[in-house]
Amino acid sequence: MASNMDREMILADFQACTGIENIDEAITLLEQNNWDLVAAINGVIPQENGILQSEYGGETIPGPAFNPASHPASAPTSSSSSAFRPVMPSRQIVERQPRMLDFRVEYRDRNVDVVLEDTCTVGEIKQILENELQIPVSKMLLKGWKTGDVEDSTVLKSLHLPKNNSLYVLTPDLPPPSSSSHAGALQESLNQNFMLIITHREVQREYNLNFSGSSTIQEVKRNVYDLTSIPVRHQLWEGWPTSATDDSQITDVHMVSDSDGDDFEDATEFGVDDGEVFGMASSALRKSPMMPENAENEGDALLQFTAEFSSRYGDCHPVFFIGSLEAAFQEAFYVKARDRKLLAIYLHHDESVLTNVFCSQMLCAESIVSYLSQNFITWAWDLTKDSNRARFLTMCNRHFGSVVAQTIRTQKTDQFPLFLIIMGKRSSNEVLNVIQGNTTVDELMMRLMAAMEIFTAQQQEDIKDEDEREARENVKREQDEAYRLSLEADRAKREAHEREMAEQFRLEQIRKEQEEEREAIRLSLEQALPPEPKEENAEPVSKLRIRTPSGEFLERRFLASNKLQIVFDFVASKGFPWDEYKLLSTFPRRDVTQLDPNKSLLEVKLFPQETLFLEAKE
């Protein structure tokens, strides 16, 4: 574990390498990496070897290129200003990621911050300074290079510069400024931002609105109209200095109120022209934050964000997804291709002068709300608190790569809010567009529709691929089902054959048992028969001739005194049991088996001889 002194050195080195001035944000990022300096720097700044890739795939994450011409710099809060010119990587993989260099350029009483890549030239720095300082490049001498004077065409990479550099501008051909100290103070006030705490008495609500010093009271009233729908002509204000008019600038009003000893920031209230009193003192009413500081549970944080957003801007607003960013990915991307949507990430910042107008006019416009609900999953986060900002940058770095995270990190407060349009592309998440707060409803709608066109084209390809894959899977399932049914039919046939063979075997066993039983009975009857008498015998003898169903004849002599049962036993001993066959006489035709078996042959008139025949019973 690093000691306190070691941590202070690591913190200083981390801030020097990354340019992050906010100590809380820097400490948060270091703690997330267990105070591993190299890991923390790699998580913030694009690495030197190879292009950065997102966690979900090998594709690069394209980002928005910042164009100073299309995004004029906001009015700074002091005499310092900054210019940011990132050049985002293209889709083509390069061998080395450019370094980002920071330059603090001093000119008279002003400081200008310039951030650009080491592949740029010295002349590009001068072009940025020309826009910031309003000094022609031809009149400008850029000094402070450690290698001495350099040419405008010199590439910064060839100078082997550290990340942070200090330069100064000389203009020997321009006369020194002759403005008085009052003019300098006035210019500083014009460049300053002021927060007006405005109480709407009727609904007991308070608005904290940021305006530049050059804004007029008329512009303030128009912004209030956007928030409250009270027309400017019906607004009745209290708290402005008596000398203020609709054309007065905020800086003029501020100077007047300062000279009168009033607290201007807490004095501005307004009502309506019917004289009805609105509300209470502005110092007694403070608005809740959009999101709790150090938000741990993203779902709970989004619930508070949605409730606060509704209380500020009304119920007509986008339906914000309640849950983690990963859950929003699942909802938007990881479903069937026909059900996929774009992911819109709204990044809120309460301290931006554009926030109130963007939320009330653009984000809550019915056309925007309807279009977002039909085609997007909308997720939101509040970057006002440093801890929440650091947490989102960590999520952004994990899901989109450090290039996108660095782009958001370097955005100025007055460039917020931001609207990120994300498309899930197979195994990666691609940032299609980054929309800044200084836009209009029409421009916002056009950019959303442009993103939808790109998404729709990709979605059609995905649907086609998915349909083809499902068709192949259906064919395979049908083949597997047919194979399974064939196996079941074969198994059923085999089991039926086995059952048939088993039944035949059982019947054969029964037949054999029956035959064995019959044979045993026959033998026992044969052994029990009395001996056949001779033809010449002292007792009368009856000679019987019995014809079998097969046409053969059975002949035997019996004593006339023998019982009829002995004839039955004799026939049974020859394989013709009397319960299966009947013994018939011819003249007269009678069924002998129906006679009393205990009577003698003489009594049943089977003497001295008789021809009988056997017939199977039905």
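To the nearest 0.05, how large is the calculated FRET efficiency for residue 457 and residue 330 if R₀ is 22 Å and r is the Cβ-Cβ distance?
After rounding, the FRET efficiency stands at 0.45.
Per the 1.4 Å probe, what fraction of the accessible area of the range 350-410, in percent, lies on carbon and sulfur atoms?
47
May I ask you to order 206-219, 495-508 by the average number of other C-beta atoms within 10 Å around their residues, highest value first?
Those peptides, ordered most packed to least, come out 206-219, 495-508.
Mind ordering 511-517, 386-392 by average Cβ neighbours within 10 Å, highest first?
By packing density, highest mean first, the sequence is 386-392, 511-517.
Relative contact order of the range 511-571: what whole-number percent is it, with Cα pairs under 8 angstrom and at least 6 residues apart?
32
Quick one: with all protein chains in place, what share of the accessible area of the range 97-178 is carbon or sulfur, to the nearest percent (1.4 Å probe)?
49
Report the full-extension gain for the segment residue 615 to residue 232: residue separation times 0.36 nm, less the Cα-Cα distance, to one decimal in nm.
Full extension from residue 615 to residue 232 adds 125.2 nm.
Separation between the residue 21 and residue 603 pseudo-spin-labels, each 7 Å from Cα along Cα→Cβ, expressed in nm?
14.2
How far is the Cα center of the range 330-391 from the Cα center of the range 512-555, in Å?
111
Using the Karplus equation 6.51 cos²θ - 1.76 cosθ + 1.60 (θ = phi - 60°), what ³J(HN,Hα) coupling, rounded to whole Hz, does each residue of the range 306-315 give in order, writing x for Gly and Pro?
Values, residue by residue: 5, 5, 5, 4, 5, 5, 7, 10, x, 7 Hz.
Taking 8 Å as the Cα distance limit and 6 or more residues as the minimum spacing, I'd like the relative contact order of the range 292-432 as a percentage.
Once divided by the residue count of the range 292-432, the mean separation gives 30 percent.
Taking 0.36 nm per intervening residue step and subtracting the Cα-Cα distance, what contour gain separates residue 528 from residue 584 on full extension?
Extra length from residue 528 to residue 584 when fully extended: 17.8 nm.
Considering only protein heavy atoms, what is the solvent-accessible area of residue 331 at a probe of 1.4 Å, reported in Å² to the nearest 10?
The accessible area of residue 331 comes to roughly 100 Å².
Just to confirm a number: summing +1 for Lys and Arg and -1 for Asp and Glu over residues other than residue 584 whose beta-carbon lies under 12 angstrom from that of residue 584, what do you get?
Charge balance near residue 584 sits at +2.
Does the range 511-559 classify as rounded, prolate or oblate by the C-alpha gyration tensor (a ≥ b ≥ c root eigenvalues; a/c under 1.5 gives rounded; else a/b over b/c gives prolate, otherwise oblate)?
Since a/c reaches 1.5 but b/c is at least a/b, the shape of the range 511-559 is classed as oblate.
For every other residue with a beta carbon closer than 10 angstrom to the beta carbon of residue 389, add +1 if it is Lys or Arg and -1 if Asp or Glu, then tell me the sum.
That sum, taken over residues with Cβ under 10 Å, equals -1.
Excluding same-chain residues fewer than 8 positions from residue 617, which lysines have a Cα within less than 27 Å of its Cα?
512, 543, 563, 574, 582, 599, 605
Would you pull out the residues with amide H under 5 Å of residue 205's amide H, same chain only if 5 or more places away, H placed 1.01 Å from N?
HN-HN under 5 Å from residue 205: 200.
For the range 502-618, what are the per-bin percents of Cα-Cα distances with bins 5 Å wide, up to the bin holding the maximum?
Distribution as computed: 2, 11, 20, 22, 19, 11, 6, 4, 3, 2, 1, 0 percent.
Check which residues have an amide H placed less than 5 Å from residue 418's amide H, if you skip close sequence neighbours.
HN-HN under 5 Å from residue 418: 347.
At a Förster distance of 51 Å, what's the computed FRET efficiency of residue 119 paired with residue 374, Cβ-Cβ distance as r, to 0.05?
0.75
With every protein chain left in place, what is the accessible area per residue of the range 416-571 in square angstrom, probe 1.4 Å?
Heavy-atom SASA per residue in the range 416-571 reads 64 Å².
Got a sec to turn the phi values of the range 147-153 into Karplus ³J(HN,Hα) couplings, 6.51 cos²θ - 1.76 cosθ + 1.60 with θ = phi - 60°, whole Hz, x for Gly and Pro?
Each residue's phi maps through the Karplus curve to give 9, x, 5, 10, 7, 5, 7 Hz.
Please label the shape of the range 395-464 as rounded, prolate or oblate, based on the square roots a ≥ b ≥ c of the eigenvalues of the alpha-carbon gyration tensor (a/c under 1.5 means rounded; beyond that, a/b larger than b/c means prolate, else oblate).
Taking the square roots of the gyration eigenvalues as a ≥ b ≥ c, the range 395-464 is oblate.
Non-local amide H neighbours of residue 238 (under 5 Å, H modeled in plane, Pro and chain starts lacking H): which ones?
269, 270, 271
In percent, how large is the relative contact order of the range 99-143, given Cα pairs closer than 8 Å and 6 or more residues apart?
Computed value for the range 99-143: 27 percent relative contact order.
Counting every Cα pair in the range 558-618, what percent are over 14 Å apart?
52
Output the pairs from 163/425; 336/412; 341/412; 139/163; 464/493 with a Cα-Cα distance over 32 Å in this structure; if there are none, say none.
163/425; 336/412; 464/493
How much length is gained on full extension from residue 498 to residue 510, taking 0.36 nm per residue of separation minus their Cα-Cα distance?
Extending this stretch completely gives an extra 2.5 nm.
The values are calculated or read from the model by the stated rules, or taken from the named source; none is laboratory data. This structure is a prediction, so every number in the text was calculated from the model and none was measured. Backbone-built Cβ (ideal geometry, glycine too); neighbour counts: all protein chains shown. For the accessible areas, the whole protein counts, side chains as well, though only heavy atoms, and no ligand, DNA or RNA atoms are used. Shrake-Rupley method; radii C 1.70, N 1.55, O 1.52, S 1.80 Å.
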